[in-house]
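The numbers here are math on the coordinates, done by the rules we state, and not lab data. Computed from a predicted model, the values in this text were never measured in an experiment. In this analysis, Cβ positions are derived from the backbone assuming ideal geometry, glycine residues included, and neighbour counts consider all displayed protein chains.
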Amino acid sequence: MKLTQGCFSFLPELTDDQITKQVQYCLANGWAVNIEFTDDPHPRNTYWEMWGLPMFDLQDAAGVMMELAECRRVYGDRYIRVSGFDSSHGWESVRISFIVNRPPQEAEFELVRQEVGGRAIRYTTVRKPAAHAAQ
Amino acid sequence: MLDVPHPTTDEPGETSFDLRKEAEAAGITDTLQQLDQELIGLKPVKNGVRQIASLLLIERIRQRAGLASAPPTLHMSFTGNPGTGKTTVALRMAKILHGLGFVRRGQVISVTRDDLVGQYIGHTAPKTKEILKKAMGGVLFIDEAYYLHRPDNERDYGQESIEILLQVMENQREDLVVILAGYGERMTSFFASNPGFRSRIAHHIEFPDYAEAELLVIAELMLKERGYRFSAAAREAFEKYIELRRSQPFFSNARSIRNAVDRIRLRQADRLVSDLDRMLDVADLETIDPADVLASRVFSGGADARSANP
Ligand SMILES: Nc1ncnc2c1ncn2[C@@H]1O[C@H](COP(=O)(O)OP(=O)(O)OP(=O)(O)O)[C@@H](O)[C@H]1O
Ligand SMILES: [Mg+2]
C-alpha cells in the first residue's frame, strides 16, 4: 500500500532532480527547509524526528540534497520527508511537505469500526503488524 | 525556472558566435573593467583573472557549439602578503563565475580554520558540512588555509575537515568553487604536505606587494571615495609616511593604507574642531593638511598603535 501524505503523494515518486527544484523553490521563498524521518508514519503522528537543524540560511538546494543523501544512508529503511516552514508573520506554519524516501516494505493501515451506544460508529486507523503486512 | 541556466551540451547546432555580445551578456566585460579601475596595480592578478574569465567564456561557447568539453576545474589558490587584495579579488571572481553560470548563486562564504574545525571528537564533520551547505552554489573562500593542517599533531581535527573538503572538491565540482588563500611560503609548504589539495587546484594566482607609488595612488583613491583630498604638501608628507611605514612591523599593504587614511580623517576633524571660532568652507572640510599626516607616530619611530591590528 503506497502511503499518501503531504504534497505530490498521488504522483510517481519524485526524482532527485525534481526534489532539488522543489527545495530551491522553498529556499527562494525564504522558507526554512527541514528533513524529517520516522518509522511510525501513522497519519496522526505529526511529530517525525528531525534530521539535523532546520536549514534557513542556505542559498542553494545542493546543501539540502547533501543532507538528504546522508539521511538516506542512515535511515534508508524509514520514511523521510522534506518540509518548508514559512516563518513570516501571519503564516508561521509549514507551507509544503512531501515524502522523499520510503522503506522497501511500506507500512499498512486498516480502518476499524466500533459500534457504540445508539449504533453510532467510532473509527480507528490501526497499523497492521509488519509480519501480517508481508503476506 | 529559478535556476540560472547551467551550461549544457544538448544544444548543438550553433555555428557562429558574437564574442563581444557573449562577453557582455555574461557581464564579464563590466566586471573586468571594474577590476581594472578599482584595484590599483596587481598586474599579474588582473592577467590571471582575465585568463580564467576567457577560458570560461570560450568553454561555454564550445559547449554550445557541441564541441568536446570537460567541465573545467575551477578551484583556485590566492597567495600573497596581508592586505594585497586577496579577499577583494575573490569577491570579483565569484561575480565572474556567476555571470558565466559556473556557479549557480554567486555568494562568497569566507571562513578560517575556526569555522571548519571543531573542539572535540565528532564536532568537526558537522561544522565543516554546515559551512559547505552554505557555500553550495557559490564560492567557499578559506583564508589562511594552512592552519587546517598541523604537521606537529597527527590527531589534529583539521585533518578530518581537510578530508571532507577534498571529497566535496572532487565530487561536487559543479556545486561550488573553493578558493584557498594565504601567505606565499606557508601555502607552498601546505600544498607540499597536502598533495590532495594541490592536485585539485587548477589556478594559482600570486598577489605581489605594492610599490610605494601604487600605495600612494591607493591612498588617494580611498580619500576620493570618502570625499577628501591631499593638499600638495600633505601628499608629500604621505609619501614619506609610506616610505617609513613600509619598513616598520605589521605592515599590511593596502590595509595599512586604509587604516592610515581613517586615522588621518580623525586628526583632520580634531584639528578643525580645535578652533571653534572660525568659519569653515567646503575646501577646509575636504582638504588634508600636512599636519594631519605628520602627527602620526610612524614619524616618531613606532608604528601606529592600531595598525598592529588587522
Ligand atoms: N589594489 C587595490 N586598490 C585599492 N584598494 C585595495 C587594493 N588592494 C587592496 N585594497 C584594499 O585594501 C583592503 C584590504 O584588502 P583585502 O582584504 O582584499 O586584503 P587580503 O589580501 O585579503 O588581506 P589578508 O590576507 O590580511 O586577509 C581592502 O579595504 C581593499 O579594498
Ligand atoms: Mg583577506
- Query: Along the Cα-to-C-beta direction of B:THR188, a point sits 7 Å from the Cα; which residues of segment B:70-88 have their amide N less than 17 Å from that point?
  - Reply: B:77-82
- Task: Once you have the Cα-Cα distance between A:TYR123 and A:ALA28, take 0.36 nm times their residue separation minus that, and quote the gain in nm to one decimal.
- Result: 30.1 nm
- Task: Let me know the mean shielding of A:59-72 by other chains, meaning the per-residue number of their Cβ atoms within 10 Å of its Cβ.
- Result: 5
- Message: Can you find, among A:ASN101, B:PHE250, B:PHE191, the residue sitting farthest towards the positive end of the charge dipole of the protein assembly as shown, where Lys and Arg contribute +1 and Asp and Glu -1 at Cβ?
- Response: A:ASN101
- Note on the structure: Taking a straight Cα-to-Cα line shorter than 25 Å from A:LYS21, and setting aside same-chain lysines fewer than 8 residues away, one finds A:LYS2, B:LYS95, B:LYS129, B:LYS133, B:LYS134
- Just grab the label-to-label distance for A:GLN105 and B:VAL282, each label 7 Å out from Cα along the Cβ direction, in nm (one decimal). 8.5 nm
- Query: How far apart, in nm, are the 7 Å Cα→Cβ label points at A:THR15 and B:ARG265?
  - Reply: 5.4 nm
- Task: Determine the sum of side-chain charges near A:ARG127: Lys and Arg each +1, Asp and Glu each -1, restricted to other residues whose C-beta is under 12 angstrom from that of A:ARG127.
- Result: -3
- Note on the structure: Plugging the Cβ-Cβ distance of B:ARG62 and B:GLU38 into 1/(1 + (r/R0)^6) at R0 = 35 Å yields, to the nearest 0.05, a FRET efficiency of 0.70
- Might you report the magnitude of the Cβ-based charge dipole of segment B:1-141 about its Cα centre, with Lys and Arg at +1 and Asp and Glu at -1, to the nearest 20 debye? 420 debye
- Summing -39500 (n - 2.57) over the DSSP H runs of n ≥ 4 in chain B and dividing by its residue number, what mean residue ellipticity at 222 nm do you reach, to the nearest 500 deg cm²/dmol? -16000 deg cm²/dmol
- Task: State the antiparallel share, in %, of DSSP beta bridges confined to the protein assembly as shown, rounding to the nearest 5.
- Result: 60 percent
- Efficiency of FRET from Cβ geometry, A:ALA130 and B:HIS204, R₀ 60 Å, rounded to 0.05: 0.55
- Task: Find the centroid of the Cα atoms in segment B:177-204 and in segment B:49-78, then give the distance between the two in whole Å.
- Result: 21 Å
- Item | Average beta-carbon neighbours from other chains, 10 Å sphere, peptide B:133-142 | 4
- Message: Let me spell out the model: positive unit charges on the Cβ of Lys and Arg, negative unit charges on the Cβ of Asp and Glu, origin at the Cα centre of the protein assembly as shown. What dipole size does that give, in debye rounded to 20?
- Response: 460 debye
- Item | Debye, to nearest 20: dipole size of chain A, +1 on Lys, Arg Cβ, -1 on Asp, Glu Cβ | 640 debye
- Item | P(r) of the protein assembly as shown over all Cα-Cα pairs, binned every 10 Å from zero, in whole percent | 4, 16, 20, 20, 17, 11, 6, 3, 2, 1, 0
- Taking springs between alpha-carbon atoms closer than 10 angstrom, which of A:VAL64, A:VAL74, A:VAL100 fluctuates most in the Gaussian network model of chain A? A:VAL74
- Query: How do B:22-32, B:215-225 rank on mean C-beta neighbours within 10 Å, highest first?
  - Reply: B:215-225, B:22-32
- Given charges at Cβ of Lys, Arg, Asp, Glu: segment B:74-173 dipole, positive-most of B:HIS98, B:PRO151, B:SER161: B:HIS98
- Message: Positive end of the dipole of the protein assembly as shown, charges at C-beta (+1 Lys, Arg; -1 Asp, Glu), about the Cα centre: which of B:ALA135, B:ILE205, A:GLY6 has its Cα farthest in that direction?
- Response: A:GLY6
- Task: Tell me the label-point distance for the pair B:ARG50, A:ALA69, using the 7 Å Cα-to-Cβ offset, in nm and rounded to one decimal.
- Result: 3.8 nm
- Note on the structure: At R0 = 35 Å the Cβ-Cβ FRET efficiency linking B:ALA70 and A:PHE56, nearest 0.05, sits at 0.45
- Amide H neighbours of B:ILE179 under 5 Å, counting only residues 5+ apart in sequence or on other chains, H built in-plane at 1.01 Å? B:MET76, B:LEU140, B:PHE141, B:ILE142
- How would you rank A:LYS21, A:LYS2, going from fewest to most other Cβ atoms within 10 Å of each one's own Cβ? A:LYS2, A:LYS21
